[in-house]
């Protein structure tokens, strides 16, 4: 009986270990960006879909998203391919690192039902080549959409790349389901012992 219970416990622990997720960089095809902001007329190739294409170079031909000169604030919606538990945000600000781009912003986290999970305070950004990483200090769990609310920019909104750090949200089995699984495993072990 003790061996059967030990085997059941090991199987259950193994099930949770294999379904638990590990932190990873959430970028490129995992994010779909959209906005109603304008487009920089002098560089029509700096489109919203370049925010998450994996290219961080600050050399010509430039890459990223640039709004029109009149758009120094506004909303960019980042839809994720599945629900994630997010722990930080990485921003590569300013397309050509020429002291332009986002200066202040906030992030609003939304679940798959459309409910807000929380908002960061006002975050500050500078023009630099390396990513600025904003650690949330907690995980926002079950995030499906992030609203990047650009509060201010210098000249215009310019972002080379963005990404999140976190892990895929996974469903935790209900206690009843787990109990049924354990009872079934225990029954299987007893049945096998009787046959031997």
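Read-outs: derived from the displayed coordinates by stated rules, not from any lab. No experiment lies behind these values; they were computed from the predicted model shown. Because the Cβ atoms are built from the backbone with ideal geometry, glycine has one as well, and the counts that use them run over all protein chains shown.
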Per-selection Rg to Rh, the range 24-169 - Cα, Kirkwood hydrodynamic radius
0.94
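With r defined as the distance between the Cβ atoms of residue 98 and residue 34 and R0 fixed at 22 Å, what FRET efficiency is calculated, to the nearest 0.05?
On the way: r = 26 Å, r/R0 = 1.18.
For residue 98 and residue 34, the calculated efficiency is 0.25.
Would you mind getting me the FRET efficiency between residue 49 and residue 123? Use the beta-carbon distance for r and R0 = 35 Å, nearest 0.05.
Numbers: r = 23 Å, r/R0 = 0.67.
After rounding to 0.05, the efficiency reads 0.90.
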Mind giving me the nanometre distance, one decimal, between the label points for residue 132 and residue 79, set 7 Å out from Cα along Cα→Cβ?
2.8
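Using 0.36 nm per residue of separation minus the Cα-Cα distance, give me the extension gain between residue 69 and residue 190 in nm, one decimal.
Values: separation 121, 0.36 × 121 = 43.56 nm, distance 7.32 nm.
Stretched fully, the residue 69-residue 190 segment lengthens by 36.2 nm.
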Approximate spin-label separation residue 25-residue 115, in nm, with each point projected 7 Å along Cα-to-Cβ:
3.4
